[in-house]
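Please read the structure below before turning to the comments.
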Amino acid sequence: MSRNDDIRRMRQLEQELDYHSQRYYVDNAPEISDFEFDALLRELQDLEATYPEEADPNSPTKRVGSDLTTEFESVEHRYPMQSLANTYSSEELGEWIDRIVKELGEVEFVAELKFDGTAISLCYENGALKRAVTRGDGRRGDDVTNNVRTIGAIPLKLRGEGYPAMFEIRGEIIMPYASFDRLNREREAAGEPLLANPRNAAAGTLKLQSSQTVAHRGLDCTLYHLAGDNLPYTTHAEMLSAARGWGFKISDHTAICRSREEVEKFIAYWDTERKALPYATDGVVIKVNSYAQQRTLGSTAKAPRWAVAYKFQAEKALTKLVSVDFQVGRTGAITPVANLEPVQLAGTVVKRASIHNADQIAQLDIRLGDMVYIEKGGEIIPKITGVELSMRPTDSKPFEYITHCPECGSELVRFEGEAKHYCPNQSDCPPQIVGRIEHFVKRKAMDIEGLGGETIELLWQNGMLKDIADIYHLDPVQLASLPRLGEKSAANILEGVRRSKEVSFERVLFALGIRFVGETTAKYIATHFLSLDAIALASVEELAEAEEVGEKIARSITDYFADENNRRIVESLREAGLKFDMEIKQPTSNALMGKSVVISGKFAGRSRDDMKALVEEHGGKNLAAVSANVDFIVAGENMGPAKRQKAEKLGVKILSEEEFMALIEGAEPIEKKTVVEPKTEAEAKPIQGTLF
Ligand code: IVH
């Protein structure tokens, strides 16, 4: 096949794959099997590898996502993204309709569902997706194009014709319940915290660094608004139907309403029917259909006057509070959990509800035996929102909060400014010990496979695990002899334990489970202090110099290292061979020795991470924020104006990519230590017995 044939085939494959994506993701009516689809996709991928210069930036292969990290550029919206006025009251909604009808005479409204996801603005130029930007503050948002490209429901190229040469289409990125449930099941299995609702899950996914992960999260997107100059439509409904023709997913659940009654009917219908939809909705949006009338009504500073959101009431149920349990977390924090008489709420039977802390019990005057209101509001565990006082038993008494730990009997303490009670018995309170070990082994910490919650509990009950350090002294024979374990699982655990010694220092620091030191904070502290010893020796003031660390965190760290038991555990972990230091690459030149540099914006020649790596290779230090300590900033395309202003104010030098490259290009390399490569196998082997 000639080059020309191949290129023709590439264009053909792009078209076919686009067509089948549309049939699959938008129309929900696939014509070919997943297998056939994958075969076409692979064929295109191979051709693109052979002719990278011919690959379309919007090729269907780009949906698979790349694993490159992307920091998000902040970009200005061409048309600001407004929000909507909203109301929970059908009376207020009725008044809004009446007012508009009075002002304009005959008015048609379009009623639509209000999708509960995260807003997105998609910019198309000549029928191709150019950019996808989050709402941000309405004026500027984050450029999340690479992640959005992986969402099958969003066309990368439009079909049909008649679309404007340039326009922005807006809608909602949503995570259907099926994807949300799958994600939470995976997170549960990995010991990660569950996501509260599909809205948070969608918004969080969109901001992930790896678009490959985004591609697997099963996001969907539905569109509902068009913005552009001189758009050739006279009504909103006409625009929706045109956009549907170009391949966008537009909801079918819309209706033209000519009166207040028709709007009310639409709302009443969907308030019940929405429960059968495969995704979350939280209301109905009512829009004036005619664009001319929309223009007459105009906008306030925040929202258009021609649209309003009616929000559904969160689903509520009334049931009896039977008892309250107190759970003790790994940090000793006490969480009260209500046991309820089972009741039906938003499609599930609810038996438990969360109560945040003692203050909430006091504020709502919640008492045992009360009839309480519970609400779901999109969260997994419902919460108690009120008490039906008219149904209170006459002999009820105010709730007495516990004063001692239900697990170990220690007297509870309360820290200043903290609403929760804590059990201070860190070293002997069983759920704290088990919780800390669970935290230590989880994926984002030491990632020790095979050691799930149940196994930890079992090992603890058998006296084999009393703290995290014991993990490195597990006896293989004893382990394999435990009920339910066996040799294979035991070997699996020990292999996980062995591998965990390679885990980087910042994750070791996170794994220790120091109160308030989460994953990100651990990273900042590790980068600032470079070793565990330096952290253990630092004062509160010194700790607070690290980014993101305030007095509360700093104090928690010094408290941790002041505890003798913790110091013993840390020493034992050191002996086990865990990484207690940050790994630092040897610089190849001194060109930037002692210089603090901020890399900002997009660069023509290389990625931002590559730029940062160059700084380190030449002996410099990367900083995230502009301050007087910064020697210079390397500014790429669209560096944020706030950063530039700050740099100018502080007199920090701003270099272009070229100037930066010139600075390091001529640099003298540092002389490398000569390493003599062994020549023969015999020479390469150490002589037995002389090494130690
Ligand atoms: S129209 C200028 N229609 O709700 C009008 N918004 O609370 C733009 N939303 O920011 C918005 N479903 O993220 C519109 N059918 C729908 C919607 C919808 C969900 C979201 C959107 C908006 C927010 C306002």
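For region 1-53, the fraction of C-alpha pairs farther apart than 13 angstrom is 59 percent. Taking the number of Cβ atoms within 10 Å of each Cβ as an exposure proxy, the fewest-first ranking of F115, F35, F516, F580 is F35, F516, F580, F115. For the chain, the relative contact order works out to 9 percent when only alpha carbon pairs closer than 8 Å and six or more residues apart are counted. Semi-axis lengths, largest first, of the ellipsoid equivalent to region 160-249 are 34, 12, 11 Å, with √(5λ) applied to each eigenvalue of the Cα gyration tensor.
Applied to region 302-318, the Karplus parametrisation 6.51 cos²θ - 1.76 cosθ + 1.60 on θ = phi - 60° returns per-residue 3J(HN,Hα) values of 9, 9, x, 7, 8, 9, 8, 9, 9, 9, 5, 5, 4, 6, 10, 9, 10 Hz, with x for Gly and Pro. Around the Cα centre of the chain, unit charges on the Cβ atoms of Lys, Arg, Asp and Glu (plus for the first two, minus for the last two) sum to a dipole of about 740 debye. In terms of its Cα atoms, region 514-606 spans 52, 30, 22 Å along the principal axes, sorted from long to short. Its Cα gyration tensor gives the chain an equivalent ellipsoid, and the semi-axes of that ellipsoid, as √(5λ) in whole Å with the largest first, are 47, 41, 27. As a rough guide to protection, the peptides 524-534, 382-392 ranked by mean Cβ packing within 10 Å, highest first, stand as 524-534, 382-392.
Give me the base-10 log of I(q)/I(0) for region 175-216 at each q in 0.13, 0.21, 0.29 Å⁻¹, Debye formula, one uniform scatterer per Cα, rounded to two decimals. Debye intensities relative to I(0), on a log10 scale: -0.24, -0.65, -1.16.
Close amide H contacts of H77 (hydrogens built in the peptide plane, cut-off under 5 Å, sequence separation of 5 or more or a different chain): R140, G141. Dividing the mean sequence gap of close Cα pairs (under 8 Å, 6+ apart) by how many residues region 250-395 holds gives a relative contact order of 16 percent. Note on R8 and D38: with the Förster distance fixed at 25 Å, the Cβ-Cβ geometry gives a FRET efficiency of about 0.70.
In a reduced charge model with +1 at each Lys and Arg Cβ and -1 at each Asp and Glu Cβ, region 427-518 shows a dipole moment near 240 debye about its Cα centre. Comparing Cα centroids, region 237-291 and region 460-510 end up 55 angstrom apart.
Here the spin labels are modelled as points 7 Å beyond Cα on the Cα-Cβ line, and at A562 and S241 they lie 7.3 nm apart. Bridges between two residues of region 503-642, per DSSP, are antiparallel at a rate of about 25%. Think of the chain as a dipole: +1 on every Lys or Arg Cβ, -1 on every Asp or Glu Cβ, centred on the Cα centre; then among G127, Q586, I664, G127 lies furthest on the positive end. Excluding same-chain neighbours fewer than eight residues apart, the lysines reachable from K595 by a Cα-Cα span under 29 Å are K523, K579, K585, K612, K621, K643, K646, K649, K653, K672, K673.
Couplings 3J(HN,Hα) of region 548-562, computed from phi: 6, 9, x, 5, 4, 5, 4, 5, 4, 5, 5, 4, 4, 7, 6 Hz, in residue order, whole Hz [Karplus 6.51 cos²θ - 1.76 cosθ + 1.60, θ = phi - 60°; x for Gly and Pro]. Computed from the alpha carbon atoms alone, the convex hull of region 74-232 holds 150 Å³ per residue.
If the segment from S299 to K653 were pulled out straight at 0.36 nm per residue, it would be longer than the present Cα-Cα gap by 123.2 nm. Dipole check for region 89-237: with +1 at the C-beta of Lys and Arg, -1 at the C-beta of Asp and Glu, and the Cα centre as origin, the magnitude is about 780 Debye. Shown for the chain: cysteine residues without a partner Cβ closer than 4.7 Å, namely C123, C221, C257.
Determine the shape class of region 199-273: with a ≥ b ≥ c the square roots of the Cα gyration tensor eigenvalues, call it rounded for a/c under 1.5, and otherwise prolate if a/b is greater than b/c, oblate otherwise. Note, shape of region 199-273 comes out oblate. Ordering V328, V349 by the number of other Cβ atoms within 10 Å of each residue's own Cβ, fewest first, gives V349, V328. Overall shape: oblate for region 585-653, with the ratio a/c of the largest to smallest alpha carbon gyration tensor axis at 1.5 or above and b/c at least equal to a/b. Here's the picture: charge each Lys and Arg Cβ at +1 and each Asp and Glu Cβ at -1 in region 554-638, and of L623, A604, A554 the one pushed furthest to the positive end of that dipole is A604. Per the Cα gyration tensor, region 317-434 maps to an equivalent ellipsoid with semi-axes of 27, 17, 12 Å, ordered largest to smallest. Each residue of region 219-334 gets 226 Å³ once the volume of the Cα convex hull is shared out per residue.
Any read-out appearing in this document is the output of simple, stated calculations on the displayed coordinates, not a laboratory observation. Quick caveat, the model's predicted, so the values are computed rather than measured. So basically every Cβ, Gly included, is an ideal-geometry build from the backbone, and we count neighbours across all protein chains shown.
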